[in-house]
Amino acid sequence: MNVSRRWFIGGAASLGALQGCRCFTDPLGAFRGRGDLRFGVVSDMHVTYRSDESHLNDLTTFEHALRWFDAQGVDAVVIAGDMAQGGVDEQLCFIGEAWRRVFPDGRGADGRPVEKLFVLGNHDMGGLRYARASWGPYAKVPEAELVPRLIVTDPRRAWEKAFGEPYEPIWRKTVKGYDFVGVQWVVEETKGRDEAFNPGIGAWYAAHGRELDPSRPFFHIQHPHPKGTAFGDWVWGQDDGESTKVLSRLPNAIAFSGHSHCSILDERAIWQGAFTSVAAGSLFCAAPPSDVGEAGYVKNPNFNSRASRNGLLVDVFADRMVVRRRDFTADCDLGPDWVVPLGAAEPRPFALAARSRRAAPPQFPSAARVTASAGKETLDIAFTAAVRTFESRPWRYEVRVERTDGAVALRKNVLSPDFHLPLANAAKRVELSVPRSELPADGELRIVVTPYDCFGNAGQPIEGNYA
């Protein structure tokens, strides 16, 4: 597939629109506006019930997000998979019912057409494994009765019943002249890594890739992250690399994906290499980044994964794409907009290594201090949280307990308790407990705490003593 000269020279217009500014995150919303195309993006709503008064129902959150998108005048809404928590067709119908309440006959409140751009995820296709789990009301339904109701049993029937449109394992739709390609999850099993979720990606692009307009971006939607893109190589929820291989030949491709539930406040949620990849977050809960389990983290018993549920609002202009991150629990923006220049002649400002070099690591306030007290079996450490701003956030803290000679007796990491929360919920204090059995029995100890951003850049440490 050849990329046209128009795509390559798009940078000229971009420089004018961005007024020569090479700042690609925009905390003030200066580059916002109504693009040629505007669409919402959500993922992983994991709907279980049509209604449930005992908690904030996930269908209610989804409908709330749709109504906000409608108020913004979107032309389409993307769902990047995991709509139905238990993989049962009635749960998919709940999604369809909410859609029709907000967009009856596929139209917004002002009468404009709004397109469905939905794909299935592993929960939608999970079969008995998910239907019989503790999340839903199907544990005691006889298997002979339940199997016909599973989406995986007949995805075509379930899809058409829920959404009133034909089902295709890979579909293509065009909205206001922009192409979208949706790749459904078509297998039952999930591994979390190397997901071979749809074996037809390469064949589809080989057959249809030349039909996509090479003079403008197109949008690829799938549930797992394309391997080695958003969040980097470590993330849980990557595919087997087939989509990355295919999309790397298409520099005008912009992929949206979910699956990992990693927070879109993690600046690694947007990636650029041979193409662009953007993570959609989760409308159900935020998961700690999956490298946490690999780096000796102390668990936070007060972590509330469902305190933030988020998605994206995307505006596409001739020269740029502006991505706005939105929290649908607090109803506020989460971080600065991502301003992505369009055109192959433009730089790739969201390459992770380049962004890491430009990032300003978090710093403690001048009055920050570390304290420690001995419990019966633990040493309880507390320290002032690093300063959190709209553009610079502490992501984790390394806590070292050192002997007076500088030898490290203990090293722990603790995830910032507000890593997934809006700025108004910034933590003022961080606490953790470490086993006294892992510490020297006597002598004075020095406690050194260092803040890190999501890229691994370290700020200046603070210290405290414990005898």
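Results, tabulated for the structure shown:
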{"quantity": "Unmet requirement for G81, which otherwise passes all of (1) modelled with pLDDT of 95 or more; (2) open to solvent by 10 Å² or more (accessible area, probe 1.4 Å); (3) of a type outside the set (A, V, I, L, M)", "calculated": "(2)"}
{"quantity": "Those residues of region 183-240 which are closer than 14 Å to A279 by Cα, among the aliphatic types (A, V, I, L, M) and either in contact with a Phe, Trp or Tyr (Cβ under 7 Å, 6 or more places away or on another chain) or modelled with pLDDT of 95 or more (or both), in sequence order", "calculated": "I221, A230"}
{"quantity": "Flag for V298 being β-branched (V, I, T), at negative phi and surrounded by fewer than 21 Cβ atoms within 10 Å (Cβ to Cβ)", "calculated": "yes"}
{"quantity": "Yes/no for V323 being touching a strand residue (DSSP E or B) at 6+ places or on another chain (Cβ under 9 Å), open to solvent by 10 Å² or more (accessible area, probe 1.4 Å) and within 20 Å of L421 (Cα to Cα)", "calculated": "no"}
{"quantity": "Listing of strands (runs of 3 or more DSSP E) fully contained in region 355-467 that carry 3 or more residues being of a type outside the set (D, E), over 33 Å from the mean Cα position of the chain (by Cα) and more than 22 Å from P288 (Cβ to Cβ)", "calculated": "370-374, 445-452, 462-466"}
{"quantity": "So D331, is it farther than 20 Å from S416 by Cα, open to solvent by less than 10 Å² (accessible area, probe 1.4 Å) and of a type in the set (D, E)", "calculated": "no"}
{"quantity": "Which numbered condition F390 misses (of (1) hydrophobic (A, V, I, L, M, F, W, C); (2) at pLDDT 95 or above; (3) in contact with a Pro (Cβ under 6 Å, 6 or more places away or on another chain))", "calculated": "(2)"}
{"quantity": "Count of residues meeting criterion [of a type in the set (A, V, I, L, M, F, W, C) and loosely packed, with under 14 Cβ neighbours inside 10 Å] in region 391-423", "calculated": "2"}
{"quantity": "Residue count, region 398-416 (criterion: out of contact with any Phe, Trp or Tyr (no Cβ under 7 Å at 6 or more places or on another chain) and not basic (K, R))", "calculated": "10"}
{"quantity": "Residue check, S282 under 30 Å from R216 (Cβ atoms) and of a type in the set (S, T, Y)", "calculated": "yes"}
{"quantity": "Qualifying residues in region 132-159 (those that are open to solvent by 80 Å² or more (accessible area, probe 1.4 Å) and assigned to a helix (DSSP H, G or I)) - the one nearest to V183 (Cα to Cα)", "calculated": "R156"}
{"quantity": "Region 184-227: number of residues that are touching a residue at least 60 places away in the same chain (Cβ under 8 Å), touching a Pro at 6+ places or on another chain (Cβ under 7 Å) and of a type in the set (S, T, N, Q)", "calculated": "1"}
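The values are calculated or read from the model by the stated rules, or taken from the named source; none is laboratory data. All figures in this text were calculated on a predicted structure; none of them were measured in a lab. Neighbour counts run over all protein chains shown; Cβ positions are idealised from the backbone, glycine included. Only protein heavy atoms, including side chains, enter the accessible area calculation; ligands, DNA and RNA are left aside. Shrake-Rupley method; radii C 1.70, N 1.55, O 1.52, S 1.80 Å.
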